[in-house]
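One structure below.
The values are calculated or read from the model by the stated rules, or taken from the named source; none is laboratory data. None of the values given here were measured: they were computed from a predicted structure. Please note: Cβ atoms are built from the backbone with ideal geometry, for glycine as well, and neighbour counts cover all protein chains shown. What goes into the accessible areas is simple: the full protein's heavy atoms, side chains included, and nothing from ligands, DNA or RNA. Shrake-Rupley method; radii C 1.70, N 1.55, O 1.52, S 1.80 Å.
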Amino acid sequence: MAMLNAPRTVLPFIASLLLFFGLTAACTSDAQQRPDRDPIQWEVHDEDRPQPPIADPGPAPEEPQPVPDDATVLFDGTDLDAWESVDGGEAPWRLGDGYMEVEPGSGDIQSREEFGDVQVHVEWAAPEEIEGEGQGRGNSGVFLMGLYEMQILDSYENPTYPDGQNAGIYGQYPPLANASRPPGEWQTFDIYFERPHFDENGRLVKPARVTTFHNGVLVLEGVELTGPVGHQERPPYQAHDHRLPLRLQDHGDEVRFRSVWVRDLEE
């Protein structure tokens with residue numbers, strides 16, 4: 001009961017710890033064990049897989065959410081200093097008034113700093129003007145360690161294959177709910193990522209796990225990743241460094257980002 005009297009600034013930190021060390025460990029939870037949540041029982045991009053139900057997250061916040069004092073700010077709307085092109089050199093995306101925007105065709109960008117176990121906060125918006133449909137509308141992605149993709153897509157009244165939905169793990173897990181806001185409105189991912197572990201021979205000993213809130217709605221609960229993501233395939237794990245950059249995807253759509261920060265949870 002003492003937690004009820006804790007300062008409001010402390011409560012989100014406590015909640016984050018409980019979610020990361022509790023929910024991500026709950027790999028036998030009902031949500032993950034349901035047949036529609038098991039990626040092995042479905043073909044990649046299977047159109048017959050159940051669609052996630054709609055969940056209205058409420059209005060978008062006008063301002064970015066407060067940043068915890070122990071967080072590393074990767075983008076606050078002012079500059080791209082914390083980012084670089086994945087091909088080397090300066091980040092080639094556009095810098096606007098309080099946001100950065102994908103420059104279609106310029107390529108992905110990645111953080112200069114590297115992370116393992118991490119809490120990631122991303123605020124983004126799909127283009128307000130609707131063009132295309134399915135995967136061709138408001139598409140981008142947050143690649144944890146540059147390999148494990150949290151899908152960004154304009155999934156507001158825009159059907160696509162379930163494991164390609166916004167806020168799912170691409171090709172593996174649909175979100176538990178479609179909490180997408182209309183295009184042009186700001187949306188939020190809060191991701192709790194536990195990296196994979198490999199032994200000295202490069203064999204997998206512990207798979208990666210992810211818990212995610214999309215616009216405050218729980219959409220992934222301690223899901224166990226089958227490996228890196230791929231289009232129309234599920235690549236197996238391959239041993240890699242325990243710290244790698246965070247990557248944002250250029251998929252040809254002018255997706256905007258206004259706040260990106262991380263909390264390093266690596267021991």
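Taking the range 191-204 as the search range and keeping residues that are part of a strand (DSSP E or B) and out of contact with any Ser or Thr (no Cβ under 7 Å at 6 or more places or on another chain), which one is most open to solvent (accessible area, probe 1.4 Å)? Don't jump to the end; show me each part of the working.
Quick first cut of the range 191-204, residues part of a strand (DSSP E or B) only: 191-194, 197-198, 204.
Now restrict to residues that are out of contact with any Ser or Thr (no Cβ under 7 Å at 6 or more places or on another chain): 193, 197-198, 204.
On the way: F193: 1, H197: 53, F198: 48, L204: 75 Å².
Ranking the qualifying residues of the range 191-204, first place goes to L204.
So I169 clears everything in (1) open to solvent by 20 Å² or more (accessible area, probe 1.4 Å); (2) in contact (Cβ under 8 Å) with a residue 60 or more places away in the chain; (3) in contact with a strand residue (DSSP E or B) (Cβ under 7 Å, 6 or more places away or on another chain) except one condition, right? Which one?
(1)
Residue-wise test of (1) among the charged types (D, E, K, R); (2) farther than 29 Å from P68 by Cα; (3) in contact with a Pro (Cβ under 8 Å, 6 or more places away or on another chain).
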{"residue": "D154", "(1), (2), (3)": "yes, no, yes"}
{"residue": "A179", "(1), (2), (3)": "no, no, yes"}
{"residue": "G184", "(1), (2), (3)": "no, no, yes"}
{"residue": "D199", "(1), (2), (3)": "yes, yes, no"}
{"residue": "N215", "(1), (2), (3)": "no, no, yes"}
{"residue": "L220", "(1), (2), (3)": "no, no, yes"}
{"residue": "T226", "(1), (2), (3)": "no, yes, yes"}
{"residue": "H242", "(1), (2), (3)": "no, no, no"}
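Per-residue answers, yes or no, for (1) closer than 20 Å to V262 by Cβ; (2) more than 18 Å from the chain's Cα centre (by Cα); (3) of a type outside the set (A, V, I, L, M); (4) loosely packed, with under 14 Cβ neighbours inside 10 Å:
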site	(1), (2), (3), (4)
E90	no, yes, yes, yes
D97	no, yes, yes, yes
S106	no, yes, yes, no
I109	yes, no, no, no
F115	yes, no, yes, no
V118	yes, no, no, no
H121	yes, no, yes, no
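Give Y192, Y173 a once-over and let me know the one that is under 18 Å from Q51 (Cα atoms), of a type in the set (F, W, Y) and within 13 Å of the chain's Cα centre (by Cα). Lay out the reasoning, then the answer.
Working: Y192 fails: under 18 Å from Q51 (Cα atoms).
Unique residue meeting the criteria: Y173.
Can you report the number of residues in the range 234-255 which are open to solvent by 20 Å² or more (accessible area, probe 1.4 Å) and closer than 21 Å to P175 by Cβ?
Total satisfying the criteria: 5.
Which of the residues spanning the range 57-76 are closer than 19 Å to R181 by Cβ and open to solvent by less than 90 Å² (accessible area, probe 1.4 Å)? Steps first, answer last, please.
Of the range 57-76, the ones closer than 19 Å to R181 by Cβ are 57-65.
Selection gives P57, G58, A60, P61, P64, Q65.
Would you point out the residue of the range 205-229, among those that are assigned to a strand (DSSP E or B) and touching a Gly at 6+ places or on another chain (Cβ under 7 Å), that is least open to solvent (accessible area, probe 1.4 Å)? First the steps, then the outcome.
From the range 205-229, those assigned to a strand (DSSP E or B) are 205-206, 209-214, 217-224; that's our starting set.
Pick out the ones that are also touching a Gly at 6+ places or on another chain (Cβ under 7 Å) and you get 209, 211.
Values: R209: 41, T211: 0 Å².
Of everything passing the filter in the range 205-229, T211 is least open to solvent (accessible area, probe 1.4 Å).
Considering only the range 132-139, I want to know if a residue exists there that is surrounded by 22 or more Cβ atoms within 10 Å (Cβ to Cβ) and touching a residue at least 24 places away in the same chain (Cβ under 8 Å).
Looking only at the range 132-139, we keep the residues that are surrounded by 22 or more Cβ atoms within 10 Å (Cβ to Cβ), and these are 138-139.
Filter again for touching a residue at least 24 places away in the same chain (Cβ under 8 Å), leaving 138-139.
Yes; the residues of the range 132-139 include at least one that is surrounded by 22 or more Cβ atoms within 10 Å (Cβ to Cβ) and touching a residue at least 24 places away in the same chain (Cβ under 8 Å).
Would you confirm, using the coordinates I've provided, whether R234 is assigned to a loop (DSSP other than H, G, I, E, B), closer than 29 Å to P104 by Cα and over 14 Å from the mean Cα position of the chain (by Cα)?
Details: assigned to a loop (DSSP other than H, G, I, E, B): yes; closer than 29 Å to P104 by Cα: yes; over 14 Å from the mean Cα position of the chain (by Cα): yes.
Yes; evaluated as a whole, the condition is true for this residue.
Taking the criterion of being basic (K, R) and in contact with a Cys (Cβ under 8 Å, 6 or more places away or on another chain), would at least one residue in the range 192-211 satisfy it? Talk me through it step by step, then tell me what you get.
We begin by selecting, within the range 192-211, every residue basic (K, R); these are 195, 203, 206, 209.
When the remaining residues are screened for being in contact with a Cys (Cβ under 8 Å, 6 or more places away or on another chain), the result is 209.
Yes, that holds for at least one residue.
Exactly one of (1) out of contact with any Asp or Glu (no Cβ under 9 Å at 6 or more places or on another chain); (2) touching a residue at least 24 places away in the same chain (Cβ under 8 Å) is unmet by V122. Its number?
(1)
When residues of the range 238-256 are filtered for being outside any strand (DSSP E or B) and within 19 Å of the chain's Cα centre (by Cα), how many remain?
Here is the first cut: in the range 238-256, the ones outside any strand (DSSP E or B) are 238-243, 249-255.
Of the ones still in play, those that are also within 19 Å of the chain's Cα centre (by Cα) are 242-243, 249-255.
The total comes to 9.
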